Amino acid sequence: MPTSQVGSELQEVDFGELIRSLAQGIADGQHALDLSSIATLQALANTNVSVIPEIAEVITPAPFQVDVSGQAPVWVTGARVTSTASDPVTMSALQAGILPTFYQFTEATIGLKVAVSLRETREIDSQGTVTTGLRAFGANVNFRTQNTYSYSVDAAASVNVTMRPVPPPRALQPSVVTVNATGAKPTVTVNP
């Protein structure tokens, strides 16, 4: 495939090479997404945050009187809620449950408007064996080829890609064991 400069026309290329290049571009994009998610995972593991692990709410009775016109006051059973928070605990953002988002290309549709031609090719390998056969070649359909060959083209190319978030790989999700050793009723919580 000849090298081209920005703004130059697409030269005629082997059709298989064209498809391979497009597929390689999607694979390179997926690889970059995976590396970015892993870098985010490492950053979250190294970032400390203060977390309040528990808030206690206590509901106590709080009766009060309501004045009713022309009658004796009426007692109403009310309630008061008081909240107290435990002391903050320092932990990594990963321990706090913040996980990076992993994305995956779940679908890719590539539509190209190219002129395809079949030509007989002749190849010689390193042992001198000659192989002949038909190969498909593609070239972009531009104004010149459109007028010369009466092509009807609406667009040169279109690429539709669908990316969906997926859970991180199980091996990248650390298991967290929480042990309550505060003197209250001991509890152990395991989050896979």
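Computed quantities for the displayed model
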item	result
Selected residue [touching a helix residue (DSSP H, G or I) at 6+ places or on another chain (Cβ under 7 Å), within 30 Å of Gln30 (Cβ to Cβ) and either at pLDDT 85 or above or assigned to a strand (DSSP E or B) (or both)] from Ala43, Ala108	Ala108
Selection status of Leu33, modelled with pLDDT of 85 or more and in a loop (DSSP other than H, G, I, E, B)	no
Any chance Gln71 is in a loop (DSSP other than H, G, I, E, B), surrounded by fewer than 10 Cβ atoms within 10 Å (Cβ to Cβ) and either at pLDDT below 85 or not aliphatic (A, V, I, L, M) (or both)	yes
Residue in the range 47-61 that is free of Cβ contacts under 8 Å to residues at least 40 places away in the same chain, surrounded by 10 or more Cβ atoms within 10 Å (Cβ to Cβ) and part of a strand (DSSP E or B) present	no
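One line per residue, one yes/no per condition, for (1) modelled with pLDDT of 65 or more; (2) surrounded by 14 or more Cβ atoms within 10 Å (Cβ to Cβ):
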{"site": "Ser92", "(1), (2)": "yes, yes"}
{"site": "Pro100", "(1), (2)": "yes, yes"}
{"site": "Leu112", "(1), (2)": "no, yes"}
{"site": "Val116", "(1), (2)": "no, no"}
{"site": "Gly133", "(1), (2)": "yes, no"}
{"site": "Ser150", "(1), (2)": "no, no"}
{"site": "Val166", "(1), (2)": "yes, no"}
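The values are calculated or read from the model by the stated rules, or taken from the named source; none is laboratory data. Computed from a predicted model, the values in this text were never measured in an experiment. Neighbour counts run over all protein chains shown; Cβ positions are idealised from the backbone, glycine included.
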